[in-house]
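Data block below; observations after.
The values are calculated or read from the model by the stated rules, or taken from the named source; none is laboratory data. All values derive from a computational prediction rather than experimental measurement. Quick reminder, even Gly has a Cβ in these numbers, built from the backbone with ideal geometry, and neighbours come from all protein chains shown.
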């Protein structure tokens, strides 16, 4: 059985002071679970977040990373720098990185190799634009993103893939549980073409306006092993998503 993974992406929110207050006030609630729970915080919050959760079963991740170990890459952060903070997870290829910062499938592939080589746990983000959904080409888009991302990579259970339809991120719209399952099942099938063993171990998440009202239906799906949550993870009510099975 794959262990459920509930992840929160804080994006560009919360200072170190706000991060400390969040965990000081809510850590005990989030720790009462039998799942892997990860908060992806801004770079400047990593040390504070790691210190705040060190005596719990909560993990901390970074929202981005560079694929080189070091060099003249102003403003970038390497895997070794992340490891030194105590972060264990890294988001790769989030749609906002692709849209606003020109991140390509090839860059995602390089980052994936660097993250795995460093012993960190990557979550690869894939997802289609509304136009691809409406035209019926969304599975082809997902196929290209997945195969390009994992090319030449020996996948293992550290890797997760998050399906986030771009049209559902921060819009209040969300894919139905069946729509999410269709793509997540498709992704598992793609990985199976590379490695049957890997496809059974890799966790596949859904992300896109996940909330306490739809989380139970999403988590009933056979090929969905968890969720990647955006704005809702900034609030204490995120615990209702983490503990959806106890509500």
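The table for this structure:
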| quantity | calculated |
| --- | --- |
| Residues (farther than 17 Å from residue 240 by Cβ, touching a strand residue (DSSP E or B) at 6+ places or on another chain (Cβ under 8 Å) and either modelled with pLDDT under 95 or assigned to a loop (DSSP other than H, G, I, E, B) (or both)) located in region 193-207 | 202 |
| Residue match in region 141-152 (condition: out of contact with any helix residue (DSSP H, G or I) (no Cβ under 6 Å at 6 or more places or on another chain), within 22 Å of residue 8 (Cβ to Cβ) and surrounded by fewer than 21 Cβ atoms within 10 Å (Cβ to Cβ)) | no |
| Residues of region 31-52 that turn out to be part of a helix (DSSP H, G or I), closer than 19 Å to residue 239 by Cα and at pLDDT 95 or above, as a count | 3 |
| Odd one out for residue 59 among (1) touching a residue at least 24 places away in the same chain (Cβ under 8 Å); (2) touching a strand residue (DSSP E or B) at 6+ places or on another chain (Cβ under 9 Å); (3) within 19 Å of residue 163 (Cβ to Cβ) | (3) |
| Residue that is nearest to residue 61 (Cα to Cα) [pool: residues in region 134-177 that are free of Cβ contacts under 8 Å to residues at least 12 places away in the same chain and part of a helix (DSSP H, G or I)] | 140 |
| Candidate set from region 180-199 (those that are in contact with a helix residue (DSSP H, G or I) (Cβ under 9 Å, 6 or more places away or on another chain) and free of Cβ contacts under 8 Å to residues at least 24 places away in the same chain); member that is nearest to residue 1 (Cα to Cα) | 199 |
| Those residues of region 78-108 which are in a loop (DSSP other than H, G, I, E, B), touching a helix residue (DSSP H, G or I) at 6+ places or on another chain (Cβ under 8 Å) and surrounded by fewer than 18 Cβ atoms within 10 Å (Cβ to Cβ), in sequence order | 86, 104 |
| When residues of region 199-235 are limited to those that are buried (at least 20 other Cβ atoms within 10 Å of the Cβ) and more than 18 Å from residue 183 (Cα to Cα), the one nearest to the chain's Cα centre (by Cα) | 230 |
